[in-house]
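The values are calculated or read from the model by the stated rules, or taken from the named source; none is laboratory data. Because the structure is a prediction, the values reported are computed rather than measured. Cβ placement follows ideal geometry from the backbone for every residue including glycine, while neighbour counts extend to all protein chains displayed. Ligands, DNA and RNA are excluded from the accessible area calculation, which covers all protein heavy atoms including side chains. Shrake-Rupley method; radii C 1.70, N 1.55, O 1.52, S 1.80 Å.
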Amino acid sequence: MFKILKYSVYDLMRSRWSYVYLLFYLMLGFVLLFLNNDLSKAVITLMNIIVVLVPLIGTIFGIMYYYNSKEFTDLLLAQPIRRSSIFLGLYLGVAGSLSLSLIIGLGLPFLIYGLFKSGVIWDFSLLLLIGTSLSFIFTALSFNIAISQDNKIKGFGYTVLLWLFMAVIYDGLFLLSLIVFEEYPLDRFSIIATMLNPIDLSRILILLKLDIAALLGYTGAVFQKFFGTQSGLIIALCVLMLWTVFPVWRLLHRAERKDF
Amino acid sequence: MILIENLHKKFGKNKVLQGVELNFEAGGIYAILGPNGSGKSTLIKCILGMVLPDQGSLSVSGHSIRGKWVYREQINYLPQIADFPGNLKVKELLSMIKDLRGQPSEESELVKLFELQSYLDKKLSTLSGGTKQKVNLVLTFMFDSSLLILDEPTTGLDPSSLISLKRLIRTEKEMGKTILLSSHIMQFVEEIADEIVYLLEGKIYFKGSINSLKELTGENDVEHAIAAIATTKVYV
């Protein structure tokens, strides 16, 4: 598996896209810091961008890479290598280099602006941790779509729909149901509904960490009560982990049973 | 070497293999023949474990291959379409496969034989079809394995490379290896194969030597003999 990982990372390092992605984050970091001139404000702006953009790039990049490396996988499948190693290696290669671009691209500007001397170091670390989780989650989801769908155009369409649903439509439905059922107790429902969408979960986690949950009103109070505690944070991180583990498991399960 | 029992495979409603029974003894050149879509590549991919059969059993060197992967260490496979990652150089591809297999390899002789020296630093996406096929052949023959599976090895080759290929296949046979190949070029098959298997609509219509095929059909020409078994059902 590590050999496959090595070659997929090597392959990605040579492709222009990883650098474009890295440059984008570098620019984003510098521009935000330049405009806000304040680390903690920049962190909040960055959060809004990360929870939407990282999933989008993860899905698009993941599905493109999977379809593009078809020749590579076909070549490997006839070699004495376990199938799960091939797909796990490819997946970790993509998700790993996306996360690396994110960490380096955002880390550098913040470091230069004196991150270590400021009080937001933990908030910023959580932001990067969540960005990394989202990269891993959405790359895994896009690989799942790609392995079940040999038609590239359809596969591409499904990933874009998935992102749109998770990032935009889900929130709409969530809010709508809160309004429709406002007469009922909704705290448990809203916590569960948040858990079911990694983007929402990430957003709430960061909001709570930044202590601006009051903006969320009543629901914010519910979340504060639940996630604000140590165990709430751990549960939320575990759920994000599950969001990675389950799609990866399904990917490997599917890979073992697919005809190539 | 390879034992196939009651092998079934369908893709959707299309039944590609229907109860294939075959036994390939070790040491010898076997040609799998059949029209396009008769199931040759599917059969080959089943042996490699790339396609998973719906029913039936398949064993290589006496061990069932279901869910296994280590047995592929003793197989060299030449895929039908030489599709390689385009952004790699020929040299990088060779060293990558060597690294992945971790077995001793003999590629320099082969590179010379197919005159690929000047292409080693070129990217695979820039190579012509025939040159890609030569790279494909180098990748297949550079490891010392007891079983060689060649899916249409002659595609796109020029006459001199074809002669080299035939010589290579014969040398491998003399070393006691088992070679399984599929081809549409009857002249090539007649020259090289010890035994042929004729597959049509996923069933075996004939298995035996070329001479016995000629006797059976009463034709002197292999092409005509093949055409004859396709019309008259002769099961083995």
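Candidate cross-link partners of A:Lys225 among the lysines, defined by an alpha-carbon separation under 25 Å and a same-chain spacing of 8 or more, comprise A:Lys41, A:Lys209.
Could you work out the mean count of beta carbons from other protein chains within 10 Å of each residue's beta carbon in A:65-76? Walk me through the numbers on the way to the answer.
Numbers: counts 0, 0, 0, 3, 1, 2, 9, 8, 1, 6, 12, 3.
Neighbouring Cβ atoms belonging to other protein chains average 4 per residue here.
The aspartates and glutamates whose alpha-carbon is closer than 12 Å to the alpha-carbon of B:Lys177, local same-chain residues fewer than 8 away aside, are B:Glu25, B:Asp144.
Can you bin every Cα-Cα distance in the stretch B:98-236 into 5 Å intervals starting at zero and give me the percent of pairs per bin, rounded to whole numbers? Reading upward from the zero bin: 2, 8, 17, 19, 17, 13, 10, 7, 5, 2, 0. Take A:Phe156: with every protein chain present and a 1.4 Å probe, its accessible area is about 80 Å².
What is chain A by shape, rounded, prolate or oblate, if you read a ≥ b ≥ c off the alpha carbon gyration tensor as root eigenvalues and call it rounded for a/c under 1.5, prolate for a/b larger than b/c, and oblate otherwise?
Working: a/c = 2.16, a/b = 1.35, b/c = 1.59.
Taking the square roots of the gyration eigenvalues as a ≥ b ≥ c, chain A is oblate.
Rg then Dmax, both in Å and based on the Cα atoms of the protein assembly as shown: 28.7, 93.
Which whole number in µm²/s is D for the stretch B:2-231 by Stokes-Einstein, with the Kirkwood Rh taken over Cα pairs at 10 °C and 1.306 mPa s? After rounding, the answer is 86 µm²/s. With springs connecting C-alpha atoms under 10 Å apart, model chain B as a Gaussian network and identify which of B:Tyr77, B:Tyr119, B:Tyr30 has the largest mean-square fluctuation. Taking springs between Cα atoms under 10 Å, the residue moving most is B:Tyr119. Candidates B:Thr171, B:Leu17, B:Ala227 compared by Cα position along the dipole of the stretch B:2-231: farthest toward the positive end lies B:Leu17, with charges placed on Cβ.
Taking every DSSP bridge with both residues inside chain B, close to 55 percent are antiparallel.
Sort B:Phe188, A:Phe174, A:Phe226 from largest to smallest accessible area, using a 1.4 Å probe on the heavy atoms of the protein chains. Intermediate values should be presented prior to the final figure.
Details: B:Phe188 5, A:Phe174 30, A:Phe226 65 Å².
From most accessible down to least: A:Phe226, A:Phe174, B:Phe188.
Can you list the lysines whose alpha carbon sits under 18 Å from that of B:Lys68, skipping same-chain ones fewer than 8 residues off? Counting by Cα, and skipping residues close in sequence, B:Lys68 has these lysines nearby: A:Lys258, B:Lys45. Per residue, the protein assembly as shown reaches -19500 deg cm²/dmol at 222 nm when only DSSP H runs of four or more residues are counted, each adding -39500 (n - 2.57).
For B:Asp144 and A:Ile153, the FRET efficiency from 1/(1 + (r/R0)^6), where r spans their Cβ atoms and R0 equals 56 Å, is about 0.80.
Report the far tail of the P(r) of the stretch A:1-125, meaning the percent of Cα-Cα pairs longer than 26 Å. Walk me through the numbers on the way to the answer.
On the way: 2562 of 7750 pairs.
Pairs farther apart than 26 Å: 33 percent.
Among the residues of A:77-89, the average count of other protein chain beta-carbon atoms within 10 Å of the residue beta-carbon is 5. For the cross-link pairs A:Lys70/B:Lys40; A:Lys3/B:Lys112; A:Lys6/B:Lys112; B:Lys9/B:Lys203; B:Lys173/B:Lys203, the ones whose C-alpha atoms lie over 18 Å apart are A:Lys70/B:Lys40; A:Lys3/B:Lys112; A:Lys6/B:Lys112; B:Lys173/B:Lys203. Could you check which residue among B:Ala31, B:Ala193, B:Ala82 shows the biggest mean-square fluctuation in a GNM of chain B with a 10 Å Cα cutoff? Most flexible of the set in this elastic network: B:Ala82.
Computed from backbone phi with θ = phi - 60° and the Karplus coefficients 6.51, -1.76 and 1.60, the 3J(HN,Hα) list for the stretch A:88-98 is 5, x, 4, 4, 5, x, 5, 4, x, 6, 4 Hz; x is used for glycine and proline. One chain, two ends: B:His8 and B:Lys112. Fully extended at 0.36 nm per residue, the span grows by 33.2 nm beyond their Cα-Cα distance. Across peptide B:79-89, the mean count of Cβ atoms from other chains lying within 10 Å of each residue's own Cβ comes to 4.
Keeping every protein chain in place, order B:Ile81, B:Ile149 by accessible area at 1.4 Å, biggest value first, i.e. largest first.
Numbers: B:Ile81 120, B:Ile149 0 Å².
Largest accessible area first, the residues go B:Ile81, B:Ile149.
Of B:Ser160, B:Ser38, B:Ser182, the residue with the greatest mean-square motion in the GNM of chain B, using alpha carbon springs below 10 Å, is B:Ser160. Placing +1 on the Cβ of every Lys and Arg and -1 on the Cβ of every Asp and Glu, with no other charges, gives chain A a dipole of roughly 780 debye about its Cα centre.
For A:Arg203, the accessible area of its heavy atoms, probed at 1.4 Å with every protein chain present, is near 50 square angstrom. In chain A, the longest principal axis of the Cα atoms and the axis of helix A:198-209 are about 40 degrees apart. Rounded if a/c is under 1.5, else prolate if a/b is larger than b/c, else oblate: which is the stretch A:131-178, with a ≥ b ≥ c the root eigenvalues of its Cα gyration tensor? The shape class here is oblate. Couplings 3J(HN,Hα) of the stretch A:186-196, computed from phi: 10, 4, 5, 4, 5, 5, 5, 4, 5, 4, 7 Hz, in residue order, whole Hz [Karplus 6.51 cos²θ - 1.76 cosθ + 1.60, θ = phi - 60°; x for Gly and Pro]. When the surface is traced with a 1.4 Å probe over the full set of protein chains, B:Arg170 keeps roughly 100 Å² accessible. Shown here are the Rg and Dmax of the Cα trace of the stretch B:2-107, at 15.8, 44 Å.
What you get for chain B, charging only the Cβ of Lys and Arg (+1) and of Asp and Glu (-1), is a dipole of about 800 debye around the Cα centre.
If B:Thr217, A:Thr139 are ordered by their accessible area, calculated over protein heavy atoms with a 1.4 Å probe, which sequence runs from highest to lowest?
Values: B:Thr217 35, A:Thr139 0 Å².
My answer, sorted largest first, is B:Thr217, A:Thr139.
Which one, A:Leu201, B:Leu150, A:Ala221, projects farthest toward the positive side of the charge dipole computed for the protein assembly as shown from Cβ point charges (K/R +1, D/E -1)? Farthest towards the positive end: A:Ala221. Rounded to the nearest whole Hz, the Karplus-based 3J(HN,Hα) values (6.51 cos²θ - 1.76 cosθ + 1.60, θ = phi - 60°) of the stretch B:189-201 follow the sequence 5, 4, 6, 10, 7, 7, 9, 10, 10, 10, 10, 9, 6, with x at glycine and proline.
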